[in-house]
Amino acid sequence: MIRISVDDQRTDFLPEDSQNLGEFIEAVSSSLPPNRIVTNIALDGRGLSRKDATHLYEKTLDSVSEVQIKTAERTLWAAAGVDMSLSCLEGLQKSLLCAAELFREADRIRANRLFVHCMEGLERFLETLAITRHAMNLDFKNYKVDGVSLTSMESQLSTCLVQLVQHQENTAYDDLADNIEDTLLTNLCAWSTALRQIRNSQLSHA
């Protein structure tokens, strides 16, 4: 029997025989009060990353023994989510520039260590952004910065991150540095602009 808790409280939500793990978690999330949003999911004590989440619908219910779900007040997250997303970006841009410089200087140990730290920060940014989008019901298709939709910006960022990891694995450090400076930082600047515009819109309607 799979054990499930929501905000550390055990729940008796029962899975259907035909459900896979992704469908089960989706059903539990849909049963939450409308004023709550999911902020974190852990499987057998291990936090679920965005990459892991894409494979949930391929897993059977007997592949895990415990699901822990953390939630937050939707209105509180909607009010603070933009600032949290911006906060994730603040230090990243300087760190990424530093990593690019270290790769060019062939200081590979420090460069790779800093690069891994930056990738973890970008993962936190994307997770925070996804929750904020859900809490605020933001329409990424129609919201644009300089004519580019947030949906396109999100897709470009995901593609860029895949390319960066490939460059690192192939030890193509000059290409990695170029990609950081020419593509990734441009994308992150656009996100900063978008988030500030959204925050200003929030303030004007407060």
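Data overview
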quantity: Volume per residue that the Cα convex hull of segment 162-206 spans, once the total is divided by residue count, Å³; calculated: 56
quantity: Inter-probe distance in nm under a simple model that places probes 7 Å from Cα toward Cβ, at Asp107 and Ala27; calculated: 5.4
quantity: Overall form of segment 96-159 per C-alpha gyration tensor (a/c, 1.5; a/b vs b/c); calculated: prolate
quantity: Computed helical MRE - 222 nm, the chain, DSSP H runs ≥ 4 contributing -39500 (n - 2.57), nearest 500; calculated: -20000 deg cm²/dmol
quantity: Accessible area in square angstrom per residue, the chain, 1.4 angstrom probe; calculated: 56
quantity: Computed over segment 69-206: relative contact order in percent, which uses C-alpha pairs under 8 Å that are six or more apart; calculated: 32
quantity: In the chain, lysine pairs with alpha-carbon atoms under 24 angstrom apart (chain gap of 8 or more, or interchain); calculated: 4
quantity: Carbon and sulfur %, accessible surface of the chain computed with the full protein complex present, 1.4 Å; calculated: 49
quantity: Shape category assigned to segment 23-127 from the gyration tensor of Cα positions, a/c cut at 1.5; calculated: oblate
quantity: FRET efficiency for Asp178 and Cys98, using Cβ-Cβ distance with R0 set to 25 Å, rounded to 0.05; calculated: 0.95
quantity: Distance (nanometres) between label positions extended 7 Å along Cα→Cβ at Asn35 and Glu73; calculated: 0.8
quantity: Estimated inter-spin distance, Val165 and Asp12, nm [label 7 Å along Cα→Cβ]; calculated: 4.1
quantity: Tilt relative to the chain, helix 21-30 - C-alpha long axis, 0 to 90 degrees, to 10; calculated: 80
quantity: Extension gain (nm, one decimal) between Asp52 and Ile2, 0.36 nm per residue minus Cα-Cα; calculated: 16.1 nm
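The values are calculated or read from the model by the stated rules, or taken from the named source; none is laboratory data. The structure presented is a predicted model; accordingly, all values stated were derived computationally and were not measured. Quick reminder, even Gly has a Cβ in these numbers, built from the backbone with ideal geometry, and neighbours come from all protein chains shown. Quick note on the areas: whole protein, heavy atoms, side chains included, nothing else; ligands and nucleic acids left out. Shrake-Rupley method; radii C 1.70, N 1.55, O 1.52, S 1.80 Å.
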